[in-house]
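Notes to accompany the following structure.
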């Protein structure tokens with residue numbers, strides 16, 4: 001799946017006024033919230049498994065995106081995120097097989113920290129874009145990130 005296909009998948013869940021980073025952050029926070037909810041022993045096993053599967057699907061999408069040849073992230077960052085995703089896989093599969101709800105704490109923490117980083121970066125980018133567009137005329141404002149026209 002190319003970066004354009006991934007972007008299309010994100011845009012299906014993206015609010016009009018948010019960046020892809022913000023969409024990723026919201027997805028991570030949504031998964032963290034679901035995982036936090038099912039840490040309670042009173043929730044059903046079905047809900048527990050569903051929350052883990054939902055989180056795993058998101059991380060699988062991240063893995064696929066990170067492995068795409070046209071992914072613009074620096075190789076070092078891609079490697080770090082792929083190593084983190086391996087940890088998420090390992091903990092997820094262990095939690096699924098053992099039914100150990102205490103394992104969810106690290107998944108919740110990872111999702112929240114990564115989301116916080118994405119949101120911080122998105123805010124910095126919005127501030128920079130606002131400053132840059134304030135000095136541009138209507139004819140010079142880029143119509144998309146991929147093109148300058």
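The values are calculated or read from the model by the stated rules, or taken from the named source; none is laboratory data. Keep in mind the model is a prediction, meaning the values are calculated, not measured. A quick note on method: Cβ atoms are made from the backbone with ideal geometry, for glycine too, and the neighbour counts reach across all protein chains shown.
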Taking into account only those residues within segment 36-71 that are within 21 Å of residue 21 (Cα to Cα) and in contact (Cβ under 8 Å) with a residue 60 or more places away in the chain, which is surrounded by the most Cβ atoms within 10 Å (Cβ to Cβ)? 65
Which listed residue, of 98, 68, 76, is more than 24 Å from residue 118 (Cβ to Cβ) and out of contact with any strand residue (DSSP E or B) (no Cβ under 8 Å at 6 or more places or on another chain): 98
Matching residues in segment 72-108 - criterion: being touching a residue at least 40 places away in the same chain (Cβ under 8 Å) and part of a helix (DSSP H, G or I): 92, 95, 96, 101, 102, 104, 105, 107, 108
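Okay, residues lined up against (1) modelled with pLDDT under 95; (2) within 19 Å of residue 87 (Cβ to Cβ); (3) part of a helix (DSSP H, G or I):
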site	(1), (2), (3)
13	yes, no, no
17	yes, no, no
22	yes, no, yes
25	yes, no, yes
37	no, no, yes
40	yes, no, no
43	yes, no, no
50	no, no, yes
54	no, yes, yes
